[in-house]
Amino acid sequence: MIISFFENDNYSDLYPLSWTRPCADIRVGIFTIAEKWKHDLNADSIGFETRDYLQNKFAKINKPNIRLNSNILPNKEIINSILDTPDNSTIKNGEQIIAIKGTGSHTVEMNIKFNSINRPFHIFKYSGEEIHSDFDRITENRVSQPLSTTNTVIGDNPIFLEEGAKVECVIFNTTEGPIYIGKDAQVMEGSIVRGPFAMGEGSNIKMGSKVYGSTSIGPYCNIGGEVNNISIQGYSNKGHDGFLGNAVLGEWCNIGADTNCSNLKNTYEEVKVWNYSSQRFEKSGEQFCGLIMGDHSKCGINTMFNTGTVIGVACNLFGAGFPRQFVPDFSWGGATGFVTHKIPAVEKTAKLMMVRRKKEFDDIEQSILNSVFELTKKLRTWEGND
């Protein structure tokens with residue numbers, strides 16, 4: 001089976017994360033949305049129908065058997081419904097298209113319950129549920145590596161260690177959910193980890209860290225201090241003391257030592273979050289919402305973020321005080337103001353950071369960042385753009 005992922009016109013509602021990846025490549029739990037569908041449908045290959053500047057990295061595929069809505073998280077009911085529907089059907093749930101089989105020449109209406117990622121904060125909102133589901137996907141008919149007796153385990157949910165995982169003198173509480181430790185990942189001594197929790201290949205949790213549940217860490221990340229219900233796409237660092245909660249970080253981000261982010265307003269009111277599509281702050285429906293940060297962004301030591309702060313792609317933040325709650329892409333500065341983080345400086349840092357993870361900042365990565373720089377120019381009002 002060959003499957004492809006199409007994007008609705010509302011992909012901009014997932015900026016800044018979807019500036020640099022198709023919506024289906026967003027990680028929610030252990031897997032990306034595309035990886036979940038590929039597993040559940042037992043697909044041989046996948047493709048992406050995305051924006052032109054992303055297509056060289058995320059290849060399109062010809063004549064897919066099924067085209068899928070990039071925003072929808074699969075579950076058993078939705079998978080069975082798709083498989084049971086005749087070929088050449090467009091499967092809809094109300095006004096929302098779920099899938100198109102073959103030509104999609106006739107419509108099939110269904111009443112199916114599912115979660116959909118329509119805003120960045122939905123990623124951590126559904127993280128706990130998705131860790132549970134992904135844990136079942138990734139561990140089915142497999143046996144964990146043994147857990148050292150130096151560790152303390154509370155609760156009855158399982159812990160799964162991939163080959164090469166290193167875990168010593170850690171307190172695990174699985175009462176609320178399972179714990180997954182990826183290949184060659186490490187949880188250092190003195191750390192306390194509550195499930196549901198997942199960390200990807202090659203990631204590290206530093207000594208004495210406090211990791212609350214519904215947290216998912218992608219591959220090759222470093223985590224330290226206190227984190228609660230955060231999701232990191234991969235290759236990013238929050239390696240020092242400081243608090244980060246109800247947050248999403250993209251790839252190639254770095255959080256400076258003693259950085260803290262509020263995830264709850266002093267008034268306990270609903271958090272408003274910047275939306276790129278409407279160009280204004282919108283009610284999130286969430287009481288807890290911390291930081292949303294796009295790829296290649298960084299902040300210096302002792303940075304403070306207000307509740308519901310959105311940081312665009314390739315920003316470099318530093319200095320005293322709180323930056324504004326929306327920082328446009330390619331910003332350099334802090335609470336006292338911004339200038340443009342120029343492309344040559346962004347590329348230089350990206351090359352240095354990526355080589356540390358044995359990744360190359362190639363022409364394709366360069367082209368994507370250049371495209372995003374041009375597309376976000378109007379947001380950097382200090383440049384005098386119309």
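The length gained by stretching the chain between K378 and E140 to full extension, at 0.36 nm per residue less their Cα-Cα distance, is 80.9 nm. Net charge in the neighbourhood of F281 (other residues with Cβ under 14 Å of its Cβ; Lys, Arg +1, Asp, Glu -1) is +1.
Pairwise alpha-carbon distances in segment 281-362 exceed 16 Å for 54% of all pairs.
Stretching Y268 away from R51 to a fully extended chain increases their span by 74.3 nm, per 0.36 nm per residue minus the current alpha-carbon distance.
Distant-in-sequence amide contacts of N204, defined by a placed amide H-H separation under 5 Å and a gap of 5 or more residues or a different chain, comprise Q186, C221, N222, I223.
Were the residues from V355 through S371 laid out at 0.36 nm apart, the gain over their Cα-Cα distance would be 3.5 nm. Positive end of the dipole of segment 2-109 (Cβ unit charges, origin at the Cα centre): among P16, I100, L73, the Cα lying farthest that way belongs to P16. Cα centroid separation, segment 49-84 to segment 300-378: 30 Å. GNM on the chain, alpha-carbon springs under 10 angstrom: the most fluctuating residue among S81, S191, S127 is S81.
Selection among C169, N204, C253 by position relative to the dipole of the chain gives C253 as farthest towards the positive end (Cβ unit charges, Cα centre). Taken about its Cα centre, the chain carries a charge dipole of roughly 700 debye when the Cβ of each Lys and Arg holds +1 and the Cβ of each Asp and Glu holds -1. Taking a sphere under 15 Å around the Cβ of G218 and counting the other residues whose Cβ falls inside, with K and R at +1 and D and E at -1, yields a net charge of -2. Label positions at E163 and I343, each projected 7 Å from the Cα along the C-beta direction, are separated by 4.3 nm. Applied to segment 202-216, the Karplus parametrisation 6.51 cos²θ - 1.76 cosθ + 1.60 on θ = phi - 60° returns per-residue 3J(HN,Hα) values of x, 7, 10, 10, 7, 4, x, 6, 10, 10, 7, x, 6, 10, 10 Hz, with x for Gly and Pro. Rg/Rh for the chain (Cα atoms only, Rh after Kirkwood) is 0.96. Using Stokes-Einstein with the Kirkwood hydrodynamic radius over Cα pairs, what translational diffusion coefficient do you get for segment 326-386 at 10 °C and a viscosity of 1.306 mPa s, in µm²/s rounded to a whole number? This corresponds to a translational diffusion coefficient of 125 µm²/s.
Checking every one of the chymotrypsin sites (Phe, Trp or Tyr not before Pro) in segment 234-338 against DSSP loop status and a limit of 10 other Cβ atoms within 10 Å picks out Y268.
Pick out, in residue order, every one of the trypsin sites (Lys or Arg not before Pro) in segment 324-386 that is DSSP loop and has at most 10 other C-beta atoms within 10 Å; say none if there are none. Here the trypsin sites (Lys or Arg not before Pro) that fit, given the DSSP loop and packing criteria, are K358. The GluC sites (Glu not before Pro) of segment 45-108 that DSSP puts in a loop, and whose beta carbon has at most 14 other beta carbons within 10 Å, are E95.
Every number in this text was worked out from the coordinates using simple rules, so none of it is lab data. Since the model is a prediction, treat every value here as computed from it, not as a measurement. For neighbour counting, all protein chains shown are included, and Cβ atoms are generated from backbone atoms with ideal geometry for every residue, glycine included.
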